[in-house]
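The values are calculated or read from the model by the stated rules, or taken from the named source; none is laboratory data. Just so it is clear, the structure is predicted and the values come from calculations on it, not from any experiment. Positions of Cβ are generated from backbone atoms using ideal geometry, with glycine treated the same way; all protein chains shown enter the neighbour counts.
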Amino acid sequence: MTLEHFFNENQNVALGFSGGVDSSYLLYAGRYYGAKVKACFVNSVFQPKSELADAHRLAEQIGAEISVVEIDILSDARIVSNPPERCYICKTLIFKILREIALADGISLLIDGTNATDNADNRPGMRALAELSVRSPLRECGITKDEVRRLSKEAGLLTWDKPSYSCLATRVPFGQVLTGKLLQQIEERGTA
């Protein structure tokens with residue numbers, strides 16, 4: 001399958017949009033192939049503030065709109081306790097909320113930017129995606145991270161060489177309680 005084929009078959013989708021390399025290219029490709037793509041950026045204390053700014057810049061570059069979904073991720077005591085399953089719990093919470101938003105807009109298909117290079121063995125969040133029937137067009141089409149970067153560069157996307165990043169919570173050892181103050185300190189150290 002190709003992305004053109006995927007978007008021809010799925011003309012109305014909601015995208016979990018991070019503003020990173022993969023989801024940015026997916027947003028671009030969906031629009032390029034004529035699909036209606038509702039891009040939803042989840043804003044929480046787990047993302048550096050710069051990620052939202054980057055997401056807006058990319059959306060503006062390609063003439064897309066993004067919906068910013070504010071989530072109080074630390075309202076879930078399971079996530080705050082920071083267990084080894086944190087990514088699974090977090091991804092489940094986020095994509096359940098995105099599914100509700102999509103369904104309210106009459107969109108039944110939710111997609112994300114997982115690519116063919118992403119290894120399910122070391123990404124517990126991918127289990128949540130499977131359980132919630134979130135599709136990953138890049139992965140389904142066999143498109144790797146290197147290919148996404150190449151295609152993004154060819155398309156002139158400003159994200160083509162953006163470094164990969166993981167959420168701020170991944171910098172905290174499992175079992176250490178997550179707080180907004182701790183995550184803010186981690187963000188400040190990372191940008192200093």
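Considering only the range 111-121, I want to know if a residue exists there that is within 15 Å of the chain's Cα centre (by Cα), over 22 Å from TYR32 (Cβ atoms) and among the acidic types (Asp, Glu). There is at least one residue in the range 111-121 that is within 15 Å of the chain's Cα centre (by Cα), over 22 Å from TYR32 (Cβ atoms) and among the acidic types (Asp, Glu). Considering ILE111, ILE73, ILE101, the condition of being in contact (Cβ under 8 Å) with a residue 60 or more places away in the chain, crowded, with 19+ Cβ neighbours inside 10 Å and among the aliphatic types (A, V, I, L, M) is satisfied by ILE111 alone. Selection within the range 168-185: residues that are hydrophobic (A, V, I, L, M, F, W, C) and in contact with a Pro (Cβ under 9 Å, 6 or more places away or on another chain). The member of this set that is surrounded by the most Cβ atoms within 10 Å (Cβ to Cβ) is LEU168. For the range 120-138, residues that are part of a helix (DSSP H, G or I) and modelled with pLDDT of 95 or more total 2. Of the residues making up the range 34-61, those that are aliphatic (A, V, I, L, M) and either in contact with a strand residue (DSSP E or B) (Cβ under 9 Å, 6 or more places away or on another chain) or buried (at least 17 other Cβ atoms within 10 Å of the Cβ) (or both) are ALA35, VAL37, ALA39, VAL42, VAL45, LEU52, ALA55, LEU58, ALA59. Just one of the numbered conditions (1) among the hydrophobic types (A, V, I, L, M, F, W, C); (2) farther than 24 Å from CYS141 by Cβ; (3) touching a residue at least 24 places away in the same chain (Cβ under 8 Å); (4) out of contact with any Gly (no Cβ under 9 Å at 6 or more places or on another chain) is not true of VAL45: (4).
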